[in-house]
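Asker: After the structure tokens below, expect a handful of questions from me.
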Amino acid sequence: MTAVAAGATGAARAETALNAARDHLLGLQSPGGWWKGELRTNVTMDAEDLLLREFLGVRTARETAETARWIRSRQGADGGWATFHGGPADLSTTVEAYTALRLAGDPPSAPHMRAAAACAREAGGVESARVFTRIWLALFGQWRWEDLPVIPPEIMFLPPWCPLNVYDWACWARQTIVPLTIVTAHRPVRPLPFALPELRTGRPPRRAARTGWDAAFAALDRALHRYERRPLAGLRDAALRRAAEWIVARQEADGSWGGIQPPWVYSLIALRLSGYGLDHPVIRAGLAGLDRFTIRENGTRRLEACQSPVWDTALAITALLDAGLPREHPALAAAGEWLLREEVRGPGDWAVRRPRLAPGGWAFEFDNDRYPDVDDTAEVVIALGRWGRPDARPALERGLRWMAGMACRDGGFAAFDADNTRTLCLRLPFCDFGAVIDPPTADVTAHVVEALAAEGLARSPVVRRAVGWLLRAQERDGSWFGRWGANHVYGTGAVLPALVAAGVPPGDPRVRRAVAWLEAHQQPCGGWGEDMRSYRDPAWIGRGEPTASQTAWAMIGLLAAGERGRAVDRGAAWLAGSQRSDGTWDEPHYTGTGFPGDFFINYHLYRLVFPLSALGRYLRAPEVTP
């Protein structure tokens, strides 16, 4: 814990904590000017990496041993593997982790393997695993291709106005679906030297009765299975070529696809099945690029599902400015200049729905030039606007125009696309995991409103419509749902600063209801926390182990709404009292969200940048109480 004098006031303790956090963050900056914290998810990343390498024939003994050690270290007391710290075992994650360990040579008779198999059977076995997990098993002869839903590559010929075309999926989903159409059309099998009967229950999975659209799509899937037995040869060949060309055209400079793991691994498999050799430049770049996402530590090896340098750097700039660092500080100059170099100036898939919109904005990753996103652009605009360098204005103006042009018809903002709201694809039997469309969300919309208001556009039509969207999206209890962070604490902490920046008075009843919700969910210790189970179980909304990032989000929201009393004082005291001696905070709990209810993220820099912002705003707010 931070050493503070026993009689220090709350403000003095907060100042001490702020200085330590500021110094720690400055010490993490790369020589290139950027910040990047680890982005930790779950062991499916590592299990699928081994399975990919096995399929391609490039798995090595060292990679296998190091990855297996990491997977074993993440096994829970219940025998399974969870998707977030402290969570319950997840069936599909457990099946994939178990299969990877069998690949590494762990015998099914080993105690940890017996416990894992029992956990998987208790949850329904491979028969109840998600479709993506059963695709991995099918690749190795552990599941029948005939028993998987079908998405044929012929969908590549559907025009953007037609339902179920590839642009109906969110960008992360479409980049995964397109290569999977190739994989499922080829139906390859690379037999393993073992079988997995211990993961089966022998019972079909329990499924709800299908009615309406669900029944219609089940019938469509049966028809597609019949077509798969005798596809039109010329049409099928043309579709496979178009899908492969689509994939190659979207490979990034670092060898990835979209800078994220799922399309990356499936694209490599799909292109290999399309005749691309291991020595082909596209395959070589794809495999080599995975090395930059690999973390080796204490004899283990793990992969990041994604990397977040643009996001982290923008948040770090804002946090350091909140902490009082002068705008001309060399660290801010280096970071701002790096962000300017990362501006995306070319077209991308977003242009399908916004063909007349000029490019601009920023992506999340080092290399993701086809998929700038609205959320990153908003945070970069805020950071660069506060940095205030005149030479940043042209990039800021381009980013503002692009961001505002991505407004959806209803006034809200989504992450990557505009009006990506068709829900028919949600009904497909293939889509049983994760969010596959990209509708507007409260957190992204709030960040856009805050960014536009900071640039003097609070009275613009786009901001007025977005504020209306936010007010309509408020939950009955006064909170806002958090799509990209956990969960209502994140959403509410994002929306309150945006509404006030856009001119909604702090005394407005909608603001007061949100303040009351945050204050009601503050814990006796002074912190805030919300468990990832809140996405599925309303009983967890606003409840969970307190974390530094979530406490900071709540404080930022309360301070924006004009709160200067006991709640923010207690929050600041909790942050100061829970700080580590090196200036950061421990935060094993996941507070970032990939797919609500399915895929979660621990952003390792969240525990530092958000508390730094919260403490800085707390100390510089008027009427701070001791």
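Here, each number is a calculation from the coordinates, and none is a lab measurement. Every value quoted in this text rests on a predicted model; they were computed, and no experiment measured them. Cβ placement follows ideal geometry from the backbone for every residue including glycine, while neighbour counts extend to all protein chains displayed.
Asker: State the answer as a single residue: which of PRO188, ALA104, ALA173 lies farthest towards the positive end of the charge dipole of segment 43-303, with beta carbon charges of +1 for Lys and Arg and -1 for Asp and Glu, about the Cα centre.
Answerer: PRO188
Asker: Relative contact order of segment 43-303, please, whole-number percent, based on alpha carbon pairs below 8 angstrom and at least 6 residues apart.
Answerer: Working: 336 pairs, mean separation 56.4, N = 261.
Relative contact order for segment 43-303 comes out at 22 percent.
Asker: I would also like to ask the following. Tell me, what is the FRET efficiency for ARG341 and ALA219 to the nearest 0.05, using R0 = 45 angstrom and their Cβ-Cβ distance as r?
Answerer: The formula returns an efficiency of 0.30 here.
Asker: Here is a further query. Of the options LEU148, ALA305, ALA335, report the single residue whose Cα projects farthest towards the positive end of the charge dipole of the chain (beta-carbon charges: Lys, Arg +1; Asp, Glu -1).
Answerer: The one lying farthest along the dipole's positive direction is LEU148.
Asker: Out of LEU605, VAL495, GLY577, whose Cα points farthest toward the positive end of the dipole of segment 467-626 (charges: +1 Lys, Arg; -1 Asp, Glu; placed on Cβ)?
Answerer: Final value for the positive-end residue is VAL495.
Asker: For segment 1-157, treating each Cα as an identical point scatterer without solvent, what Debye log10 I(q)/I(0) comes out at q = 0.08, 0.19 1/Å?
Answerer: Relative scattering, expressed as log10 I(q)/I(0), comes to -0.40, -1.13.
Asker: Now, a different point. Segment 304-444: percent of C-alpha pairs farther apart than 21 Å?
Answerer: That tail contains 45 percent of the Cα-Cα pairs.
Asker: What is the distance in Å between the Cα centroid of segment 509-567 and that of segment 108-135?
Answerer: 37 Å
Asker: With axes computed from alpha carbons, what is the tilt in degrees of helix 606-620 against the longest principal axis of the chain, rounded to the nearest 10 within 0 to 90?
Answerer: Its long axis makes an angle of about 20 degrees.
Asker: Evaluate E = 1/(1 + (r/R0)^6) for ARG513 and THR294, where r is the Cβ-Cβ distance and R0 equals 41 Å; express this FRET efficiency to the nearest 0.05.
Answerer: 0.35
Asker: Charges at C-beta only: +1 for Lys and Arg, -1 for Asp and Glu. How large is the resulting dipole of segment 43-303 about its Cα centre, in Debye rounded to 20?
Answerer: That gives a dipole near 480 debye.
Asker: Please pull out the direction-averaged projected area of segment 43-303, using the convex hull of its alpha-carbon atoms, in nm² to one decimal place.
Answerer: Result: 14.8 nm².
Asker: For segment 473-626, report the % of Cα-Cα distances exceeding 18 Å.
Answerer: That tail contains 53 percent of the Cα-Cα pairs.
Asker: While we're here: To the nearest 10 degrees, how steeply does helix 111-122 sit against the main Cα axis of the chain, on a 0 to 90 scale?
Answerer: 90 degrees
Asker: Compute the separation of the alpha-carbon centres of segment 293-328 and segment 163-242 and state it in Å as a whole number.
Answerer: Going from one Cα centre to the other spans 37 Å.
Asker: State, in angstrom, two size descriptors of segment 169-238 derived from its alpha carbons: Rg to one decimal place and Dmax to the nearest whole number.
Answerer: Here Rg and the maximum Cα pair distance are 16.5, 43 Å.
Asker: Here's a follow-up. How large is the helix-only mean residue ellipticity at 222 nm for the chain, computed as the sum of -39500 (n - 2.57) over DSSP H runs with n ≥ 4, divided by its residue count, in deg cm²/dmol to the nearest 500? Show your work: numbers first, answer last.
Answerer: Details: 22 runs with 297 residues, N = 626.
Using -39500 (n - 2.57) per qualifying helix, the result is -15000 deg cm²/dmol.
Asker: Another one. For segment 194-274, which semi-axes, largest first and in whole Å, follow from the square roots of 5 times the eigenvalues of its Cα gyration tensor?
Answerer: Listed largest to smallest, the semi-axes of segment 194-274 are 31, 22, 15 Å.
Asker: Name the residues whose placed amide hydrogens come within less than 5 Å of the amide hydrogen of ALA82, ignoring near sequence neighbours (fewer than 5 apart) on the same chain.
Answerer: GLY76, ASP90
Asker: Mind checking the dipole of segment 516-626: about its Cα centre, +1 per Lys or Arg Cβ, -1 per Asp or Glu Cβ, Debye to the nearest 20?
Answerer: 220 debye
Asker: What fraction of the Cα pairs in segment 389-442, stated in percent, has a spacing above 13 angstrom?
Answerer: 66 percent
Asker: Starting from one equal scatterer on each C-alpha and no solvent at all, send me the Debye-based log10 I(q)/I(0) for the chain at q = 0.06, 0.09, 0.10, 0.12 Å⁻¹, two decimals.
Answerer: Log-scaled intensity ratios, in q order: -0.32, -0.74, -0.92, -1.31.
Asker: Charges at C-beta only: +1 for Lys and Arg, -1 for Asp and Glu. How large is the resulting dipole of the chain about its Cα centre, in Debye rounded to 20?
Answerer: In total the dipole reaches around 1240 debye.
Asker: Got a sec? How would ASP279, ASP46 order by Cβ neighbour count within 10 Å, fewest to most?
Answerer: Lowest to highest Cβ neighbour count: ASP279, ASP46.
Asker: Still on this model: Give a residue-ordered list of calculated ³J(HN,Hα) values for segment 404-411 (Karplus: 6.51 cos²θ - 1.76 cosθ + 1.60, θ = phi - 60°; whole Hz; x for Gly, Pro).
Answerer: With the stated coefficients, segment 404-411 comes to 5, x, 8, 4, 7, 4, 8, x Hz.
Asker: Could you list which residues have their amide H under 5 Å from that of ILE601, counting only those 5 or more apart in sequence or on another chain, with H placed in the peptide plane?
Answerer: When sequence neighbours closer than 5 places are left aside, the close amide H contacts are THR591, GLY592, THR593, GLY594.
Asker: Full-extension gain between ALA539 and ALA61, please, as 0.36 nm times their residue separation minus the C-alpha to C-alpha distance.
Answerer: Values: separation 478, 0.36 × 478 = 172.08 nm, distance 4.54 nm.
Taking ALA539 through ALA61 to full extension adds about 167.5 nm, to one decimal.
Asker: Helix 91-103 against the longest principal axis of the chain: what's the angle in degrees, Cα atoms only, rounded to the nearest 10?
Answerer: 60 degrees
Asker: In whole Hz and in residue order, list the ³J(HN,Hα) couplings for segment 15-27 that follow from phi through the Karplus curve 6.51 cos²θ - 1.76 cosθ + 1.60, θ = phi - 60°; x for Gly and Pro.
Answerer: Result, rounded to whole Hz: 5, 4, 5, 4, 4, 5, 5, 4, 5, 5, 5, 4, x.
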